[in-house]
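Only one structure is covered here, and it is reproduced in the block below.
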């Protein structure tokens, strides 16, 4: 099999997995295939996709961002706390806070040369503290007035389609453009493939890494905002359950944690797979509590299947 | 005398290269055997076969009179063939005693617990054999290089009395970083060790080889070309055996060597990196090819990496077009005008996951993008031009880099710097690991680059290559320039002249 | 040849030996955490005199007991250059196992203290799964342990349908609540764990191999160190300690549920790196980690005494991780940081 065919196969496996899962559920419950239902399922998946979309850049570098759930929770708190007083400005501040978390992760990884999984674990801890501080250690309710005034873009509908889906697709398009049409996107792929060669070619690799972490922070921030909008509240633990599925959907989509290989649409497909698996488990009667078990196993298996072992001589 | 280690017609091939070609040699009991050869003569392959890292493809290896094939370095060690490498196999965070008995603690176990006192006492015995007077409970990180080397020899000697067979100790460049006093001591110890073990001594320093060994083998192009008793050998005689082959002038496109050079581009003044090389100075003009010769450890690799921005200099000055430049980071080097072609093509030269055109424009990417967005058509057109011009065999510009042959990959690396417009190309073993036909293409390409006015610094794979391609040759030895040869067409220096300045 | 003579041929003024000053140079890096600990105590004592009371000291030691048991395992994993992110999952699951095996309100069992070996065994088995997946599927440890950790949390939640198991066995709860010689039993258990870990570290092949692998895996392999077996065993060891910690947590809180270990992972990693064990492997010790735990707990205790809101702690710990890792990192070794 040529490299091209292998590549094609690797691209198609997640798509087929998704199709088979959807058809499997449809066999159980034909109503699942109704367009309205499919849109709702997609809409429900978008917060997960938003969180994972930015982190895809980081994983493509061969690094990881374990702070996304903390960042999302933090922005939900900032948004909910600030909306009553500052209105739309709160949106920008929350988003900026997400970006700032990414800035910190990037700086710590680059300048202190700390492996990303520890650096982002630590930054995640700091962000959780910020979230508790911003929310006064409780959930903050977002009033319906504020919601309709400022968060309709996230939770309303346009032409019968949930706005979450539109936001998700816009993000998908924008990030895909960045990844495949810009020099930065290409260098992300290059750094993930063979960092030393990129360094030797005179590229400032630190800048690439920094930007990737900032994008990850921004998208996690956006995910937190949309999540708060959907649930009508912000809380310091709002997104804590999302780290595992977010990373799982990146990997299940076919992006390898060793870096270099991946794309945003893969993460999109991965997010849908995770969502459909979740629905399927509910159909089959697997309790919500047990779903974590499945996702944990899926994560480890997907990593084992997608990892590029030629790249790492010593696995630590 | 009885042979402990016997190799007969040992052959080892790697894709495209025959690293060892029917090598036969033997080591007798209580004998010190010297092993010499130019870089790439096959010494390291031989060492790796003895160490159990590589397997032989054809021929036989006998150890202690029996057919032997070592599965791993540990397997070789357990049977009595032990190595002392220049890159030491000492775990710095463990103690001297723990290192000597690493992986062999069973002897000192009592109900699963290590009896440290017994282990230290046993280590003390081994240390005495190499006259190293230190506490076996010392962490190896607290010892200096010479002492750690002695610990390794002590580890080898610890087999004495623990196994039935004889011991062969292979010392690979053991003197390269030692002080004079330490070398004398090492030689004294080697003389004493002859009572207990046989020794294979590998060194670039021929005087030392002759001083310490009983017999010497000379390797060239993967084959044993000469064997002599040390007392009958002379240094110049060995030099002649190390080189041998005649230069083929057409092969290196000597007719295309530039006779007149352009304006000066690069000046290097007293450039140094602590522990690597000192006070390097020279000037280089457009179209000039400067060859740098030297053995491993002469500092020439470090020099090349320094110009690539990968090893910051510790002193001296680098001027390009009369302007001083700083080389603390690769992007400074690239922007200053250096294009570094590393010897490790697969890890530093190319990005495997990217396509041919993406690799070609990796350095010059800014020229092919607007507001960060890539102009794919412009990029494709430019890359296609270079593919045609350099005769790179690839189905398209979008082909993944890994599906190209080594030679074509190297051409892509060279084109990367030509597209960027580097003024000085630093070629670190540009023909390493590529087949003969592709080598000629690379030589052609180097000549073309010179013709266009690129100044070239070349670290060749072989001496012939350096002599054949260069206008001027600098010979480095122990971090300093030991000679400078003009190499105009028709009056190229002799390989023996060079090698005598190298070792 | 027990006593080789010094060759007479080289008659030099100095003896013909390479002699070394065997007094080890003072290792400031190893001592720094102790200095930090005392400095911290002094500062807190100045702001809050209550800090320096016997009862507060016991409170600090008691709060340190479970973290100390946890870092015993985590230190070995980190010394090897790997990481174990499944701490919370294993602790939670083993706490649930413990609570279900002693006299409780959900299941009909009454094993008493005999539940502890089962909890420890359960931890060891999960550690074995971590280690084998990591080694034989060649998946980086942080990914394996992240996934397996969540699996454990999932099992702990699902097994109980999201509800806690309440322990009604007073005798069992004495494991942490009772006192011996005036000190809470948890402290004694932790002390025993440290003793075991010290023996493993200093006096067994496993302990020595951990350092060898963490320092230079390739060389260790060439010297015949069984890399795969050692790696798996270290994860088993970490699981055993986490299992014990789970039993202690169940005894302390009188129940077992999935969230019982929240925040433990963070404290564990902070303590190990603050104690001076390098994430790159090979450098550090379980004793360092004990000091690390004391630093973290004293800091927490001090902040409580000084009225700092508890939610700040996670942020402070995150900050500590960054500072400690930065200080402990040997940058010359690192070409590429991912």
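Any read-out appearing in this document is the output of simple, stated calculations on the displayed coordinates, not a laboratory observation. None of these values were measured; they are calculated from a predicted model. Note: ideal-geometry Cβ built from the backbone for every residue, glycine included; neighbour counts use all protein chains shown.
Annotations for the structure displayed:
- Relative contact order [Cα under 8 Å, 6+ residues apart], region B:135-282, whole percent: 13
- Separation of alpha-carbon centers, region C:188-240 and region A:108-156, rounded to whole Å: 39
- Separation of alpha-carbon centers, region A:225-272 and region B:10-86, rounded to whole Å: 53
- Sorted peptide list for C:169-175, B:293-299, criterion being average Cβ within 10 angstrom, highest first: B:293-299, C:169-175
- Helix axis angle, B:436-451 relative to chain B longest principal axis, alpha carbon, degrees: 50
- Whole-Å semi-axes of region A:149-275's equivalent ellipsoid (Cα gyration tensor): 30, 15, 15
- Stokes-Einstein diffusion coefficient of region B:132-191, Kirkwood radius over Cα pairs, 20 °C, 1.002 mPa s, in µm²/s: 168
- Cα-based Rg of chain C normalised by 2.2 N^0.38 Å, two decimals: 1.11
- Pairwise inverse Cα distances across chain B, averaged and inverted, put the Kirkwood hydrodynamic radius at 24.9 Å.
- Degrees separating the helix B:376-389 axis from the principal Cα axis of chain B, which is the longest one: 70
- Label zone of residue A:153 (point 7 Å out along Cα→Cβ, amide N under 17 Å): in region A:176-220 this covers A:218-220.
- Kirkwood radius and radius of gyration were both taken over the C-alpha atoms of region A:180-222, and their ratio Rg/Rh is 1.02.
- Principal semi-axes in Å for the protein assembly as shown [√(5λ), Cα gyration tensor, largest first]: 55, 41, 26
- Histogram of C-alpha separations across region A:222-316, 10 Å bin width, %: 15, 38, 34, 11, 2
- Among C:79, C:31, C:287, residue whose mean-square fluctuation peaks in a GNM of chain C (springs only between Cα atoms under 10 Å): C:31
- In nm, spacing of pseudo-spin labels at residue C:191 and residue B:344 (7 Å Cα→C-beta vector): 5.1
- Counting, for every residue in C:304-313, the Cβ atoms of other protein chains within 10 Å of its Cβ and taking the mean gives 3.
- Extension reserve of the residue B:500-residue B:75 stretch, reckoned as 0.36 nm per residue once the Cα distance is removed: 149.2 nm
- Span per principal axis, largest first, for the Cα atoms of region B:147-255 (Å): 62, 32, 26
- Kirkwood Rh in Å, taken over region A:2-311 so that all alpha-carbon pairs contribute: 19.7
- For chain A, a Gaussian network of Cα nodes joined below 10 Å ranks A:45, A:128, A:158 by mean-square fluctuation, and the top entry is A:158.
- DSSP assigns beta bridges within chain B; of those with both partners inside it, close to 55 percent run antiparallel.
- Cα point-scatterer Debye curve for region C:69-125, base-10 log of I(q)/I(0) at q = 0.17 Å⁻¹: -0.60
- Shape of region A:59-183, Cα gyration tensor, a/c cut at 1.5: oblate
- Nearest-0.05 FRET efficiency for residue A:180 and residue B:178, computed from C-beta distance (R0 45 Å): 0.25
- Mean partner shielding of peptide C:223-232, defined as the number of other chain Cβ atoms within 10 Å of each residue Cβ, is 3.
- Within the listed set A:160, A:124, A:98, the residue fluctuating most in the Gaussian network model of chain A (springs between alpha-carbon atoms under 10 angstrom) is A:160.
- Bridge orientation summary for the protein assembly as shown: considering DSSP beta bridges with both residues in this region, about 60 percent are antiparallel.
- Helix B:116-129 axis, angle to chain B major axis (alpha carbon atoms, nearest 10°): 80
- Pairwise centroid distance, computed over Cα atoms, of region B:367-403 with region B:422-455, Å: 20
- For region C:23-106, the calculated P(r), taken from all Cα-Cα distances in 5 Å bins from zero up to the bin holding the longest distance, is 3, 10, 11, 15, 16, 15, 13, 10, 5, 2, 1, 0, 0 percent.
- Contact order for chain C, expressed relative to its length and based on alpha carbon pairs under 8 Å spaced 6+ residues apart, stands at 30 percent.
- By average C-beta atoms within 10 angstrom, highest first, the peptides B:370-379, C:267-276, B:171-180: C:267-276, B:171-180, B:370-379
- Relative frequency of Cα-Cα separations exceeding 31 Å in region B:3-243, percent: 23
- Average beta carbon contacts from partner chains per residue of B:330-340, 10 Å cutoff: 3
- Helix-only CD estimate at 222 nm, as mean residue ellipticity for chain A, using -39500 (n - 2.57) per DSSP H run (n ≥ 4): -26000 deg cm²/dmol
- Relative contact order of chain B, pairs being alpha-carbon contacts under 8 Å that are 6 or more residues apart, as %: 15
- Only helices enter this figure: runs of n ≥ 4 DSSP H residues, each worth -39500 (n - 2.57), summed and divided by the residues of chain C, yield -22000 deg cm²/dmol at 222 nm to the nearest 500.
- Only helices enter the 222 nm calculation for chain B: every DSSP H run of n ≥ 4 contributes -39,500 (n - 2.57), and dividing by all residues gives -9000 deg cm²/dmol, rounded to 500.
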